[in-house]
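Report on the structure given below.
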Amino acid sequence: MRSLERFPNLVTMFFVRAAEKGDAPFLWAKQDGAWTPTSWAEVARRVASLATALKAQGLKPGDRVVLVSENRPEFCIADLAIMAAGCITVPTYTTNTERDHTHILENSGARAAIVSTAKLAQTLLPAIVRSSTCEFLIGMEPLPSTSVRTLDFAELAGDADANVMATAAGVAGIQRDDLACLIYTSGTGGAPRGVRQHHGAILCNVEGCVDILTTDFGWDEEIFLSFLPLSHAYEHSGGQFLPIALGGQIYYAEGLEKLAANIEEVGPTIMVVVPRLFELIRGRLIKAVEKQGGIGKKLFDKALELATRDRLRLTDYPYKIAIDLLLKPKVAKRFGGRSKALVSGGAPLNPEIGQFFSALGLTLLQGYGQTEAGPVISCNRPRAGIRSDTVGPPMKGVEVKIAEDGEILVRGELVMHGYWRNEAETERVLRDGWLHTGDVGHLDEAGRLKITDRKKDLIVNDKGDNVAPQKVEGMLTLQPEIAQAMISGDKRPYIVGLVVPDQEWLAGWAAEQGKAPVLAALKDDPELHRALMAAVDRVNAELSVIEKVRRIAIADEPFSIENEQMTPSLKNRRHAIRAVYGERMDALYRG
């Protein structure tokens with residue numbers, strides 16, 4: 001059985017694998033309709049060249065470099081080169097607004113930035129102009145004329161000579177405790193917080209994942225399909241550094257609309273995914289089977305029935321044989337024909353989804369984690385017995401204990417060193433060596449972790465993106481039309497809101513409309529709804545795609561201490577509001 005060496009840092013791990021793999025293909029991307037590879041050796045040369053160029057521009061060890069790019073080979077090259085130069089990568093979402101970029105540039109104190117396209121540069125460049133620290137911008141593609149000093153990625157990341165390669169590969173001075181990247185995640189106060197992930201945190205995650213692969217599946221020539229944002233810790237660790245550790249290959253998907261076709265073309269052995277993908281695929285499979293009808297639909301329905309049973313009845317065996325011979329091969333083909341495991345994380349997975357894919361012959365593993373923990377804390381594994389209502393046992397090298405109030409606490413090398421320039425939040429979540437996750441759960445008799453509740457208010461949508469409700473709600477209540485607001489969207493495809501109109505504004509609006517200013521009578525008025533939605537859309541113009549409020553409902557009355565919808569400190573009691581308006585808000589996702 002193969003085992004993973006203990007590396008001092010992520011860059012050394014990469015250069016060791018590159019030396020072993022040589023001219024074998026590593027990174028794949030579509031060019032002119034065809035998958036085109038970049039070899040390990042070529043990536044190593046480009047990483048070395050860019051690292052040398054960054055140092056030649058005056059960057060010093062510990063300097064931060066913002067990286068704004070969709071998933072593509074250049075992201076991996078840039079990320080590794082930044083670290084090889086002794087600097088710290090600050091990967092940011094391509095959906096970030098100008099204000100988000102401004103906050104991250106200023107908070108991180110980044111001295112440089114790398115961007116992939118002119119389109120993404122449109123929101124980044126104004127933030128750089130206002131930045132007090134960012135000195136230059138590197139473009140993977142041609143950038144528009146600007147007052148900002150710009151450099152060409154292709155020129156800086158050209159083929160390196162032997163001396164440059166030797167210098168870049170000699171990164172022994174970087175230790176596991178040294179900072180590798182700052183990954184910004186939404187905070188409860190609204191402004192994104194920089195999670196200080198050190199090399200050892202990501203390496204610990206990678207080592208735990210390799211342990212699962214080697215003991216439960218076997219480590220072979222692994223093929224990954226990357227489509228979750230690499231600015232997300234889940235994809236950054238699991239979709240980039242895990243393949244590097246395994247000496248695997250990474251294909252970069254063309255986008256969600258082409259993902260199904262890409263899966264069939266590439267045939268990934270391992271996929272790192274979020275629940276939303278499974279929900280989409282499940283929906284398409286059900287529609288396809290229903291359209292087909294006949295024996296296919298009968299087998300399909302029987303497969304789902306068998307999945308929910310603890311044991312087979314004697315009369316079930318003919319169906320099981322038919323399912324194995326006819327249905328499962330078709331499903332396997334849709335996933336490329338060589339899938340070992342589909343690993344779901346980033347958001348809670350409905351147990352029914354797990355049962356669905358298990359019935360169709362696919363191995364679906366649900367994991368649990370946080371950016372503050374590398375991010376993977378636990379994961380289902382076949383040898384421990386997969387239970388779709390759990391997130392599996394803790395990973396190798398990870399300690400989990402349950403506090404007296406049920407909160408899940410985590411300890412190990414995977415835990416962050418704290419939030420960047422935010423001692424108060426660091427002290428709140430890191431106490432006595434334990435990360436306080438803010439989630440509530442328990443360990444079952446087999447040592448598998450089960451999440452039962454979330455202490456924190458952070459919304460996690462069905463794609464695993466985090467949305468801080470206080471930020472959006474605060475912006476909504478700055479509008480003259482809106483006095484109070486609560487947004488919702490946990491495990492949902494988009495954000496919806498419940499709003500309370502400002503009483504003074506409502507009185508003026510009602511007078512103009514010739515209506516009585518009684519909220520309970522006006523809550524279903526379409527004209528009032530349009531007027532309030534116009535205010536929401538003004539806010540939406542300042543929000544990223546994942547934060548936008550798509551639909552709203554109007555409350556019957558203001559939130560107050562008296563009706564128990566506010567705390568004495570005048571904060572929304574989310575559960576109490578949800579108890580009253582839950583059905584109304586859920587209805588916003590229908591029709």
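What follows is calculated from the coordinates using simple rules that are stated; it is not laboratory data. What you are looking at is a predicted structure, and each value in this text was computed from that prediction instead of being measured. As a convention, Cβ positions derive from the backbone with ideal geometry for all residues, glycine included, and neighbour counts pool all protein chains shown.
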Explain nothing, just compute: Karplus ³J(HN,Hα) = 6.51 cos²θ - 1.76 cosθ + 1.60, θ = phi - 60°, for every residue of the stretch 59-72 in order, whole Hz, x for Gly and Pro.
6, 10, x, x, 5, 9, 10, 6, 10, 10, 7, 6, 5, 6
Return the whole-Å distance between the Cα centroid of the stretch 1-34 and the Cα centroid of the stretch 43-68.
19 Å
Expressed to two decimals, the chain has a Cα Rg over Rh, using the Kirkwood radius, of 0.98
For the stretch 405-415, just list the computed ³J(HN,Hα) in residue order, Karplus coefficients 6.51, -1.76 and 1.60, θ = phi - 60°, integers in Hz, with x standing in for Gly and Pro.
8, x, 5, 7, 10, 10, 9, x, 5, 5, 6
For the stretch 14-22, 3J(HN,Hα) per residue [Karplus equation, 6.51 cos²θ - 1.76 cosθ + 1.60, θ = phi - 60°, Hz, x = Gly/Pro]
5, 5, 5, 5, 5, 5, 6, 8, x
May I ask what percent, to the nearest 5, of DSSP beta bridges between residues of the chain are antiparallel?
55 percent
Cα-based convex hull, the stretch 423-528, per residue volume (Å³, whole number)
158 Å³
For Cα pairs less than 8 Å apart in space and 6+ apart in sequence, what is the mean separation divided by the residue count of the chain, i.e. the relative contact order in percent?
11 percent
Please give the contour-minus-distance gain from K258 to V518: 0.36 nm per residue of separation, less the Cα-Cα distance, rounded to one decimal in nm.
88.6 nm
Cα centroid separation, the stretch 482-514 to the stretch 205-249 (Å)
44 Å
quick shape note, the stretch 468-589: Cα extents on principal axes in Å, largest first -> 41, 34, 26
Least to most buried among D178, D324, D79, by other C-beta atoms within 10 Å and fewest first, runs D324, D178, D79
What spacing in nm lies between the two simple spin-label points modelled at E221 and S145, each 7 Å away from Cα in the Cβ direction?
5.1 nm
Quote the relative contact order of the stretch 485-589 in percent (integer), defining contacts as alpha-carbon pairs under 8 Å separated by 6+ residues.
31 percent
Per residue of the chain, what 222 nm ellipticity follows from adding -39500 (n - 2.57) for every DSSP H run with n ≥ 4, rounded to the nearest 500?
-11000 deg cm²/dmol
From the cross-link list K450/K471; K463/K548; K330/K463; K287/K340; K302/K340, which pairs have alpha carbons spaced over 18 Å apart?
K450/K471; K330/K463; K287/K340; K302/K340
Restricting the count to DSSP beta bridges whose residues both fall in the stretch 468-589, what percent are antiparallel, rounded to a multiple of 5?
60 percent
On alpha carbon coordinates alone, what is the Rg over Rh value for the stretch 334-416, Rh being the Kirkwood radius?
1.01
